[in-house]
1. Where does the longest stretch of the chain lie that holds no trypsin sites (Lys or Arg not before Pro) found in a DSSP loop with 11 or fewer other Cβ atoms within 10 Å?
2. Report the Cα centroid-to-centroid distance between the range 47-93 and the range 143-176 in angstrom, as an integer.
3. Quick check: Cα centre of the range 107-121 to Cα centre of the range 1-42, how many Å?
4. When the Kirkwood radius is taken over all Cα pairs of the chain, what Stokes-Einstein diffusion coefficient follows at 25 °C and 0.890 mPa s, in µm²/s?
5. If each DSSP helix of 4+ residues adds -39,500 (n - 2.57) and the sum is divided by the residues in the chain, what number results at 222 nm, nearest 500 deg cm²/dmol?
6. Fully extended, how many nm does the chain gain between VAL241 and ASP18 (0.36 nm per residue separation, minus their Cα-Cα distance)?
7. Please identify every one of the chymotrypsin sites (Phe, Trp or Tyr not before Pro) in the range 79-109 that sits in a loop by DSSP and has no more than 14 other beta carbons within 10 Å of its own beta carbon.
8. Summing Lys, Arg as +1 and Asp, Glu as -1, what charge do residues with Cβ under 12 Å from the Cβ of ARG225 carry, ARG225 excluded?
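The values are calculated or read from the model by the stated rules, or taken from the named source; none is laboratory data. Note that the structure is a prediction, hence the values are computed from the model and not measured. Using ideal geometry, Cβ is built from the backbone for each residue, glycine included, and neighbour counts are taken over all protein chains shown. Side chains are part of the model used for accessible areas, which takes the heavy atoms of the whole protein and leaves out ligands, DNA and RNA. Shrake-Rupley method; radii C 1.70, N 1.55, O 1.52, S 1.80 Å.
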Amino acid sequence: MKLYDTHAHLTDEAYRDDLDRVLAEARSAGVIAINVVGFDLTTSRRAIELAAAQPGYLHATVGIQPNSAVDADAEDWGEIERLAADSRVRGIGETGLDRYWNDTPWGLQQDYFERHIVLAAERELPLVIHMRECGNEIADQLLSHASNGHLRGVMHSFTGDWDLCVRCLDLGLMISFAGMVTFKNGAALREVAARVPADRLLIETDSPYLSPEPLRGRRPNEPARVAHTLRCLAEARRVPVSELAEQTTANAGQLFGCETG
Ligand code: NI
């Protein structure tokens, strides 16, 4: 079985002395590729370093997450633009909008989101989009860029309802599910996940956060555990686990331009 963890923060200090074991366990769980997602300049640089050390296995994304935008220096964005030209970078983000923390003033969040959207189009790379309690505002902002064809990107750790999911699908986005879809109180989210077209579905851990059941609460989460999320989704969708593994991995390979065969 081949799995692709499309969203992990392996730059987190939780893995500083433990990354070899974490990657070995991921490999033995069948994980054949992991996206190391940057959320500010430091983690974006580090994501590329990790991808350089594990070519073909770790892939980098670069960006400044909405909650980090308030701390970004004037030069940071220019550096992100330069990093985006690196061949190991397979996506732009994470970016998006966040109404939950509101660390960054709303206008500044929208400004940074806009920059990522433009950069992704320039570089022909998919967007990695973070949503928290403002999915419709994200869809609104993306809509103005979708008129010339469909957007490439992923709504990561999707937690919205079916109406929002349809809006995202109509924009051309893929929908990625993390540990929350496995939680006991996640029945509504599982119903949404069951309806996503098979060729638009991705899986992720969002490590080190939100370990899936039956490991909920065990920190740090790690890429090997994406197998639990896959099994949960296969059950919700009433398809064989192996079939869903193959499909989601092929979807990820296509979106991020990575060999998964
Ligand atoms: Ni993330």
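1. Numbers: sites that count: ARG16, LYS184, ARG218, ARG238.
Value returned for the longest uninterrupted segment is 17-183.
2. Each part reduced to its Cα centre gives a spacing of 22 Å.
3. That distance is 26 Å.
4. Using the Kirkwood radius from Cα pairs, D works out to 137 µm²/s.
5. On the way: 9 runs with 107 residues, N = 261.
Calculated at 222 nm, the ellipticity per residue is -12500 deg cm²/dmol.
6. Numbers: separation 223, 0.36 × 223 = 80.28 nm, distance 2.89 nm.
Between VAL241 and ASP18, full extension yields 77.4 nm more.
7. Numbers: sites: TYR100, TRP101, TRP106; in loops: TYR100, TRP101.
Loop-located and lightly packed - TYR100, TRP101.
8. Working: positive: ARG216, ARG218, ARG219, ARG231; negative: ASP5, GLU25, GLU204, ASP206, GLU213, GLU222.
My count for the surroundings of ARG225 gives -2.
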